[in-house]
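Student: Just passing along the structure, written as structure tokens.
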Amino acid sequence: MHIHAYEKIWLAVSVLLILFLIGSVTYGAVGPGVAMVSDTEPAIDSGGLDEDERFSEPRVEQVGENEYAAYVVARQFTFQPDPIVVPANSTVTFYVTSADVIHGFEVVGTNANAMVVPGEVSELTVKVEEPQEYGLICNEYCGAGHHVMEGKVNVVSQAEYEDRTSGGDGE
Amino acid sequence: MSGDTVSGDTEEFDPIGTLTLIGIYFVILVLSWVYIYYIEFLGRDLVVVG
């Protein structure tokens, strides 16, 4: 079979491109540690969130050294807690669920972005660094007030976080 | 040249313009990918790690 020289070049370059794309994603997974939003959390009763130990009182709590869990409820048309306050330079795992319809959970301008499905818990872990105020929006149409459904994720300094939590008016 | 080729014309067919065009597309593709993945995606805050 005769293959034109140009075609051989193109075939070789195509294979290299594929290897480069696969290599990039592999690098992302082992280098920066990019992972998927987890769906391993068991299903819960979206109508009984007020009896759920994690979601009856949406909050941020410390679960390890420098590790925090944020239990977030999305409902028409708000996020609870609001704002979500977490300390800087820590690892935060968001557990997000919906009390009514499908919502979105998007920390604006970042890669933290998940669907929020009633009965399911979306789990995503991120590392937060410097103190900063992020916007939080719903990016799945959820009803007449969808466009006003927003919250805040406030990354505050460790000292300020301790002030807030020990002051009793945290969250 | 073996006997089953259609004619000698295939050897003279050197579409250098097409090759160049494909080369340019390829470079655009690679640069776009580098930009989208390494700069826009990995460069943003709050990379999901678990």
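Student: Suppose we keep only residues that are of a type in the set (Asp, Glu) and in a helix (DSSP H, G or I) within the stretch A:1-56. Which one would you say is nearest to the other protein chains (Cβ to nearest Cβ)? Before the answer, list the steps.
Tutor: First, the residues of the stretch A:1-56 that are of a type in the set (Asp, Glu): A:7, A:39, A:41, A:45, A:50-53.
Filter once more, so that each one left must be in a helix (DSSP H, G or I): A:7, A:50-51.
Values: A:GLU7: 10, A:ASP50: 28, A:GLU51: 28 Å.
Per the stated criteria, the residue is A:GLU7.
Student: Among the listed residues A:ARG59, A:ARG54, which satisfies the condition of being touching an Asp or Glu at 6+ places or on another chain (Cβ under 6 Å) and not β-branched (Val, Ile, Thr)?
Tutor: The conditions single out A:ARG59.
Student: Continuing with this model, one more query. (1) among the aliphatic types (A, V, I, L, M); (2) assigned by TED's automatic domain parsing to the domain that holds A:GLU140; (3) more than 30 Å from A:VAL116 (Cβ to Cβ): which one isn't true of A:VAL63, the others all being true?
Tutor: Going through the list (1) among the aliphatic types (A, V, I, L, M); (2) assigned by TED's automatic domain parsing to the domain that holds A:GLU140; (3) more than 30 Å from A:VAL116 (Cβ to Cβ), A:VAL63 breaks only (3).
Student: Given the structure, is A:GLY135 surrounded by fewer than 16 Cβ atoms within 10 Å (Cβ to Cβ), assigned by TED's automatic domain parsing to the domain that holds A:GLU51 and either in a strand (DSSP E or B) or touching a helix residue (DSSP H, G or I) at 6+ places or on another chain (Cβ under 8 Å) (or both)?
Tutor: On the way: surrounded by fewer than 16 Cβ atoms within 10 Å (Cβ to Cβ): yes; assigned by TED's automatic domain parsing to the domain that holds A:GLU51: yes; either in a strand (DSSP E or B) or touching a helix residue (DSSP H, G or I) at 6+ places or on another chain (Cβ under 8 Å) (or both): yes.
Spelling it out, A:GLY135 is indeed surrounded by fewer than 16 Cβ atoms within 10 Å (Cβ to Cβ), assigned by TED's automatic domain parsing to the domain that holds A:GLU51 and either in a strand (DSSP E or B) or touching a helix residue (DSSP H, G or I) at 6+ places or on another chain (Cβ under 8 Å) (or both).
Student: Filtering the stretch A:31-60 down to residues that are among the β-branched types (Val, Ile, Thr) and crowded, with 16+ Cβ neighbours inside 10 Å, which residue is farthest from A:ALA112 (Cα to Cα)? Give the steps one after another, and end with the answer.
Tutor: Residues of the stretch A:31-60 among the β-branched types (Val, Ile, Thr): A:34, A:37, A:40, A:44, A:60.
Still in the running and crowded, with 16+ Cβ neighbours inside 10 Å: A:34, A:37, A:44, A:60.
Working: A:VAL34: 11, A:VAL37: 9, A:ILE44: 22, A:VAL60: 17 Å.
Selected residue: A:ILE44.
Student: So which of A:ASP100, A:ASP82, A:ASP45 is in contact (Cβ under 8 Å) with a residue 24 or more places away in the chain and farther than 26 Å from A:GLU150 by Cβ?
Tutor: Working: A:ASP100 fails: farther than 26 Å from A:GLU150 by Cβ; A:ASP82 fails: farther than 26 Å from A:GLU150 by Cβ.
So the residue among A:ASP100, A:ASP82, A:ASP45 that is in contact (Cβ under 8 Å) with a residue 24 or more places away in the chain and farther than 26 Å from A:GLU150 by Cβ is A:ASP45.
Student: Another one. Of these, A:SER122, A:SER157, which one is crowded, with 21+ Cβ neighbours inside 10 Å and among the polar types (S, T, N, Q)? Before the answer, list the steps.
Tutor: Working: A:SER157 fails: crowded, with 21+ Cβ neighbours inside 10 Å.
Only one candidate passes the filter, namely A:SER122.
Student: So if I check each of A:VAL37, A:VAL107, which one is at pLDDT below 90, of a type in the set (A, V, I, L, M, F, W, C) and closer than 27 Å to A:GLU133 by Cβ?
Tutor: Result of the check over A:VAL37, A:VAL107: A:VAL37.
The values are calculated or read from the model by the stated rules, or taken from the named source; none is laboratory data. Bear in mind the structure is a predicted one, so any value in this text is a computation, not a measurement. Reconstructed Cβ throughout: ideal geometry from the backbone, glycine too, with neighbour counts over all protein chains shown.
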